[in-house]
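Working notes for the structure below.
Each reported figure results from applying straightforward, stated rules to the coordinates on display, with no laboratory input. Everything numeric here is computed off the predicted structure, so don't read it as measured data. Cβ atoms come from the backbone with ideal geometry, glycine included; neighbour counts cover every protein chain shown.
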Amino acid sequence: MNNLNIWEQFMQQAEMRWSEVLEATSVHIQLVFFSMLIAIVLGIGLGILITRVPKLSTVVLGGAGIMQTIPSLALLGFMIPIFGIGVNTAIAALFLYSLLPIIRNTYTGIKDVNKATVEAAKGMGMTSLQVLIKVELPLAIPMIMAGVRTAAVINVGTATLAAFIGAGGLGDFIFLGITRGIDGLILLGAIPAALLAIILEIFFTYLERWTTPEGLK
Amino acid sequence: MIKFEHVSKVYTDGFKAVDSVSFEVPEGEFLVLIGPSGSGKSTTMKMINRMIPHTNGTISIDGKDITKLNPSELRRNIGYVIQQIGLFPHYTIEKNIAIVPELKGWDKEKIKDRVKELLIMVDLDPEVYGSRYPKELSGGQQQRVGVARALASDPRVLLMDEPFGALDPITRDQLQDQLITLQRKLKKTIVFVTHDMDEALKLGDRIAIMKDGNLLQIDTPEKILQEPASNFVEEFIGKDRIIQNPELMPVVSVMTTRVVTSLLNLSPEKALLMMRQQKITSLIIENDLDDSFIGLISAYELIKKMNSIQSIEEILIVPEHTLTITATAKDAIMMMPSVKYGVIPVLNEAKKVVGIVTRGTLLTALSSQWTELEGINE
């Protein structure tokens, strides 16, 4: 088997395991999807909260920033005592990891909305909630979407590490490949993961363009 | 009507932005708040719609204390125009103007009609501009939309915070003229903040001058120029202001009271002698009963026709144009070209001549103002 070159190895492994690859990809997507879903909801929520309660901004942004500095593998490890081994732990860790870009971009996006526009909105009698929904969020959308895109791409990469804590996903093949010394097997996990990241990147770029209000383009 | 009673704004650090200010703005008045930066003029204006909450005293609109009203409700009934315009970049022009009517829950048809009406009112073609976005418009056009937006729900009170301050001088002038025309039609109660005295004199029914949070003087433009309440006011309005605004200069300041009068029974010879001796070119003829003005005799006419007339009545000129004592220097300047022999009599209530304006007196008065000004500038 070792006489085969890396491409032949890859083809051989793919033929043998293609159904496993499909299943792992589906698990991988689920990990990314659910962790991102929670991160988007909470991240945008927290981002909005700290524009309204400026005192919290240092704590929240600082906290999310610290989360980001913890090596991903270590973060996954920290989660085990809390959530045990498996999918939940992976989702929790990935969620924490994706939080910072979303919070930060939501916060800056809203803060960067022209002060005059907000003053005019208030001066015309919009309530704080109306200012948020009709002015601040629509104008901050491009920035928020950019945060989500960054988080998603990081997330796809980091999700391969979830295999270490038994959550499955495309990381399984990579670690199996490393431990067995089969390079083709590593590619079998790495290539779909890379493709996923690229697809997500393209998807969010379009989404960003599509959600940008007409007058801002 | 807007009423301020001992209104102050004291910040938590103790800074008094506005210090116990009291004044009233009657319905339909155009009040201009003016002062150097940090004088509290903008703060004073923004306290009216509670964009800045006041800390002491009472502000009421039509007798209602504004702190008793819901701030959003209050603001929806007060037009608000700011220097940075603040149009929503993600809304079309139509949608921008429709903001307040939509907040107030008007129905779609009514809003559509109103938006069209307003765009026409501010000289923007609804077909061309209605569906554009703010960034596609020039600064002047954007502020016209800003004014239209503030007028959308037909509020009775309009607050304008240096609305034309960021525009180039020509556009500013156009928008000021347009605002004057609009105000003549709409009769809103307007509180307008500026630091530009020319703008204040041009627009204001009354001008309120502020400094360090205090209201120094609130008066008509004429009163402010003629009777400044303090040295600061005088300095602030500037010595050169009057000459630039002859409409604010009383006719009395450009006329001469050296008037020679006579009765109609004077003989032509004596009249000529009298004018030669007094070195004057026109003689004012009065009624012998009540000294009221009848007409005047021109020395040139008299010399020309000396030999052919029996009495001065034959060459008596009864001028079509006279000025009353309440007229302004501008009236005199405007009238001068159409006046025969260049003499305008100025009459009091009893039709008695109190003085005359000639080209000479006009020139002397205006040039003396000018040379005085030169002296100050040096």
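Cα centroids of region B:101-126 and region B:337-365: how far apart, whole angstrom? Using only Cα atoms to place each centre, the spacing works out to 52 Å. Computed from the alpha carbon atoms alone, the convex hull of chain B holds 201 Å³ per residue. If you fit an axis through the alpha-carbon atoms of helix A:171-180 and take the longest principal axis of the Cα set of chain A, what angle between them do you get, 0 to 90°, nearest 10? It works out to around 30 degrees.
Debye-formula intensities of the protein assembly as shown, expressed as log10 I(q)/I(0) at q = 0.07, 0.10, 0.12 Å⁻¹, are -0.67, -0.98, -1.14 (one equal scatterer per alpha-carbon, no solvent). Counting only aspartates and glutamates at least 8 places from residue B:68 when in the same chain, those with an alpha carbon closer than 18 Å to its own are B:5. Mean Kyte-Doolittle hydropathy of 0.0 or higher plus an axial Cα length of 24 Å or more: which whole DSSP H helices in chain B meet both? Length and hydropathy pass: none found. Projecting label points 7 angstrom from Cα along Cα→Cβ for residue B:27 and residue A:206 puts them 6.1 nm apart. Computed over neighbours whose Cβ is under 13 Å from that of residue B:289, the net charge equals -2, Lys and Arg +1, Asp and Glu -1.
What is the calculated FRET efficiency for residue A:129 to residue A:179, with r their C-beta to C-beta distance and R₀ = 56 Å, to the nearest 0.05? List each step's numbers first, then the result.
Working: r = 54 Å, r/R0 = 0.97.
E(calc), rounded to 0.05, equals 0.55.
Specify the angular offset, from 0 to 90 degrees and rounded to the nearest 10, of the alpha carbon long axis of helix A:55-69 from the longest principal axis of the alpha carbons in chain A. For helix A:55-69, the angle is close to 10 degrees.
Where the only charges are on Cβ atoms (+1 Lys, Arg; -1 Asp, Glu), what is the dipole of chain A about its Cα centre, to the nearest 20 debye? Each step should come with its number before you reach the end.
Numbers: 12 positive and 12 negative charges, 195 e Å.
The calculation lands at about 940 debye.
Were the residues from residue B:116 through residue B:131 laid out at 0.36 nm apart, the gain over their Cα-Cα distance would be 4.3 nm.
Do any trypsin sites (Lys or Arg not before Pro) in region B:103-132 lie in a DSSP loop with no more than 15 other beta carbon atoms within 10 Å, and if so, which? Don't skip to the answer; put the middle values down first.
On the way: sites: B:104, B:108, B:110, B:112, B:114, B:116, B:132; in loops: B:104, B:132.
Here the sparse-neighbourhood loop sites are B:104.
Could you give the length gained by full extension between residue B:278 and residue B:352, i.e. 0.36 nm per residue of separation minus their alpha carbon distance, to one decimal place? Walk me through the numbers on the way to the answer.
Numbers: separation 74, 0.36 × 74 = 26.64 nm, distance 2.06 nm.
Contour length minus Cα-Cα distance gives 24.6 nm.
Taking the Cα centre of region B:2-240 as origin and assigning +1 to Lys and Arg Cβ atoms and -1 to Asp and Glu Cβ atoms, the resulting dipole is close to 880 debye. At 7 Å along Cα-to-Cβ for each site, give me the label-to-label distance between residue A:29 and residue A:111 in nm. So the label points at residue A:29 and residue A:111 sit 3.7 nm apart. Measuring between their Cα centroids, region B:154-179 and region B:284-332 lie 47 Å from each other. Please compare each pair in B:16/B:211; A:115/B:202; B:270/B:352 to a cut-off of 21 Å on the Cα-Cα distance and tell me which ones are over it. Over 21 Å apart, Cα to Cα: A:115/B:202; B:270/B:352. Amide H contacts under 5 Å for residue B:81: B:159, B:160, B:161, restricted to partners 5 or more places along the chain or on a different chain, H placed in the peptide plane at 1.01 Å from N. Between residue B:313 and residue B:222, the contour length at 0.36 nm per residue exceeds the Cα-Cα span by 28.7 nm. Putting +1 on Lys and Arg Cβ atoms and -1 on Asp and Glu Cβ atoms, find which of B:263, B:214, B:275 reaches farthest to the positive end of the dipole of region B:185-325. Towards the positive end, the residue furthest out is B:275.
Here the simple spin-label model places points 7 Å from the Cα toward Cβ, and for residue B:123 and residue A:52 these points are separated by 4.4 nm.
Taking every alpha-carbon pair in region B:252-364 and binning the separations at 5 Å intervals from zero gives 2, 12, 24, 25, 19, 12, 5, 1, 0 percent. Look at the dipole of chain B built from charges on Cβ: of B:228, B:128, B:252, the Cα furthest out on the positive end belongs to B:128.
For the pairs B:95/B:188; B:104/B:135; A:111/A:134; B:95/B:116, flag any whose C-alpha to C-alpha distance is greater than 19 Å. Could the numbers behind the result be given before it?
Numbers: B:95/B:188 24 Å; B:104/B:135 26 Å; A:111/A:134 15 Å; B:95/B:116 11 Å.
In this structure, B:95/B:188; B:104/B:135 exceed 19 Å between Cα atoms.
Using equal-weight Cα scatterers in the Debye expression, the normalised intensity of region A:20-216 in log10 at q = 0.12, 0.19 Å⁻¹ is -0.65, -1.23.
Set the Förster distance to 51 Å, then compute FRET efficiency between residue B:67 and residue B:253 from the Cβ-Cβ distance, nearest 0.05. Walk me through the intermediate numbers first.
Details: r = 47 Å, r/R0 = 0.93.
Calculated transfer efficiency: 0.60.
Computed over chain A with a Gaussian network model linking Cα atoms closer than 10 Å, the most mobile of A:97, A:107, A:206 is A:206.
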